[in-house]
1. Hey, any hits in the stretch 83-101 for a residue that's hydrophobic (A, V, I, L, M, F, W, C), free of Cβ contacts under 8 Å to residues at least 40 places away in the same chain, touching a His at 6+ places or on another chain (Cβ under 8 Å) and open to solvent by less than 70 Å² (accessible area, probe 1.4 Å)?
2. Return the residues of the stretch 50-63 that are within 13 Å of PHE103 (Cβ to Cβ) and buried (at least 17 other Cβ atoms within 10 Å of the Cβ); say none if nothing qualifies.
3. Do we find that THR37 is open to solvent by less than 30 Å² (accessible area, probe 1.4 Å), farther than 19 Å from ALA165 by Cβ and of a type in the set (Ser, Thr, Tyr) in this structure?
4. Exactly one of these conditions fails for GLY107: (1) modelled with pLDDT of 90 or more; (2) under 24 Å from the mean Cα position of the chain (by Cα); (3) farther than 16 Å from ALA45 by Cβ; (4) surrounded by 13 or more Cβ atoms within 10 Å (Cβ to Cβ). Give me its number.
5. Considering only residues that are open to solvent by 30 Å² or more (accessible area, probe 1.4 Å) and within 28 Å of PHE103 (Cα to Cα), which ones fall in the stretch 127-140?
6. Anything in the stretch 1-30 that is within 12 Å of THR63 (Cβ to Cβ) and surrounded by 13 or more Cβ atoms within 10 Å (Cβ to Cβ)? List them, or say none.
7. Which of the residues that make up the stretch 163-183 are touching a helix residue (DSSP H, G or I) at 6+ places or on another chain (Cβ under 9 Å) and open to solvent by 70 Å² or more (accessible area, probe 1.4 Å)?
Amino acid sequence: SVRSVRVWDGATRLFHWTLVVLIALAYVTRKVNPDLTWHMRIGYAILILITFRILWGFVGSSTSRFSSFAYAPWTALRYGIDFLLRRPRHFLGHNPLGGTVVFLMLGLIATQGILGLFSYDDHDAIDGGPLAGRVAEGTMALLTKWHIWLFDIIAIVLAVHVLAAFAYAVWKREDLIGPMVTG
């Protein structure tokens, strides 16, 4: 008989799906609207959400705590090899490779938000993040380029994340997406 086990608490699931929506909205508001008001508000919300997740990583439920999925890089690599060779290894919560990706995504998204605070609006170079005027113009231009460039990196990592969830379902016949909805 198959037994159901709760893996993800409500706060972790709400964080995950809210972040998905906010990142999509940040992208759309930047591409569609030359007025950055909503883009900046969404950026603030993302930074608040990331701050929450970092704190939740220390005090949240057992599978949400960073200590439950902080593995050495070679452990993640070995897990990836075992996955490709279809050697079954099961974890409640994030496996070593998935945990590494969580840290990578949190770091990239936090960096993206912080860079946005120092970026300017390249549509008309008048409006910008709240800290843009606190740095030299050359620094602001560089941070703005990094802010724009980093989104492409984040998009690639997110695409690999989604593809990995589907590959996991096909390759190992385990659903990773359902539990992030139902717990």
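The values are calculated or read from the model by the stated rules, or taken from the named source; none is laboratory data. Being a predicted model, the structure only gives us computed values, none of them experimental. All Cβ positions, even for glycine, are placed from backbone atoms using ideal geometry, and neighbour counts span all protein chains on display. To get the accessible areas, we keep the full protein, side chains included, count just its heavy atoms, and leave off ligands, DNA and RNA. Shrake-Rupley method; radii C 1.70, N 1.55, O 1.52, S 1.80 Å.
1. Taking every residue of the stretch 83-101 in turn, none turns out to be hydrophobic (A, V, I, L, M, F, W, C), free of Cβ contacts under 8 Å to residues at least 40 places away in the same chain, touching a His at 6+ places or on another chain (Cβ under 8 Å) and open to solvent by less than 70 Å² (accessible area, probe 1.4 Å).
2. First, pick out the residues of the stretch 50-63 that are within 13 Å of PHE103 (Cβ to Cβ): 50, 53-54, 57.
Hits for the stretch 50-63 are ILE50, ARG53, GLY57.
3. Values: open to solvent by less than 30 Å² (accessible area, probe 1.4 Å): no; farther than 19 Å from ALA165 by Cβ: yes; of a type in the set (Ser, Thr, Tyr): yes.
No.
4. All conditions pass for GLY107, except number (4).
5. PRO130, LEU131, THR139, MET140
6. VAL7, TRP8, ASP9, ALA11, THR12, ARG13
7. Answer for the stretch 163-183, where residues must be touching a helix residue (DSSP H, G or I) at 6+ places or on another chain (Cβ under 9 Å) and open to solvent by 70 Å² or more (accessible area, probe 1.4 Å): PHE166, TRP171, ASP175, LEU176, VAL181, THR182.
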